[in-house]
Amino acid sequence: MVFGRSKNVDEPPVPVVPWADAWEFALTDEERPVTLQRKRAVLGVRAVRVPHGGGERKVNAPCAFLPPQGTADDLRLYEDAEGRRPLCSVGGPEEADGARRYPVLDGQGQVVGAVRRIPPLKHALKPTWRIEQPGRPEIVSSAEWAKGGVTEMVQKGAGKFLLGAVQAVADLGAEGGDQPAKSRALEWKADGELVLTSDADRRFLVRAGWLDRRLVFAYALLRARS
């Protein structure tokens, strides 16, 4: 299956890649980034996109699509651009002790986990977000590396050899797509294990193979709405 809207007939169509195998992804509408020969980015539909290919053939390939244009539900994703194969959705919030718990459902409506929003304490300005995956410790975000941005996040915790991988995620949407006002790098841990790193709440690098990507997709949808 392929999907793309580029008018350049010399470029191959943009493939749709498997969502379960996504290690780097971002919520963006940038389909073809700027290269030496491509002076302007090519935009497509807004989707969860994965860096794919290299050089002049580098694209941001979709792995999960937002509902087709004109659909009101923005907390749902599909495996196809036409919205025929549901992938996951975010259920209505459940209130408990001031926190909001959003169940995450698969394409058949079965719960696969949840995303929790913890209200800020008096000394904090922003809420805390947590991800729940059945059978695993709760995944908690931290702003420990927030000041350094993507490069410092890699050098301190992920190792310099991953700089290129993380920077590829950060570059998604850099030209004409979704551009965050300021880089905000976070690490996510489950019982001390580094599970996920994120930048600007829209760009993600999965560090643990067991992490259900749909839970991260759900978090990205919720943060995009807030």
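The values are calculated or read from the model by the stated rules, or taken from the named source; none is laboratory data. Source: prediction; values computed, not measured. Cβ placement follows ideal geometry from the backbone for every residue including glycine, while neighbour counts extend to all protein chains displayed. Calculation scope for accessible area: heavy atoms of the full protein, side chains included, ligands and nucleic acids excluded. Shrake-Rupley method; radii C 1.70, N 1.55, O 1.52, S 1.80 Å.
Accessible surface comparison of T197, T35, T128, probe 1.4 Å, protein chains only, largest first: the order is T128, T35, T197.
If you plug the beta carbon distance of D73 and Q37 into 1/(1 + (r/R0)^6) with R0 = 45 Å, you get a FRET efficiency near 0.70. Carbon-plus-sulfur accessible fraction, region 27-71 (probe radius 1.4 Å, protein heavy atoms only): 52%. When peptides 76-88, 209-221 are sorted by average Cβ neighbour count within 10 Å, with the highest value leading, the order is 209-221, 76-88. I'd like the distance separating the alpha-carbon centroids of region 185-226 and region 63-120, in whole Å. Using only Cα atoms, the two centres lie 15 Å from each other. If R0 is 30 Å, the Cβ-Cβ spacing of S142 and R84 corresponds to a FRET efficiency of close to 0.20. Protein-only accessible surface at a 1.4 angstrom probe places the residues I118, I139 in the order I118, I139, largest first.
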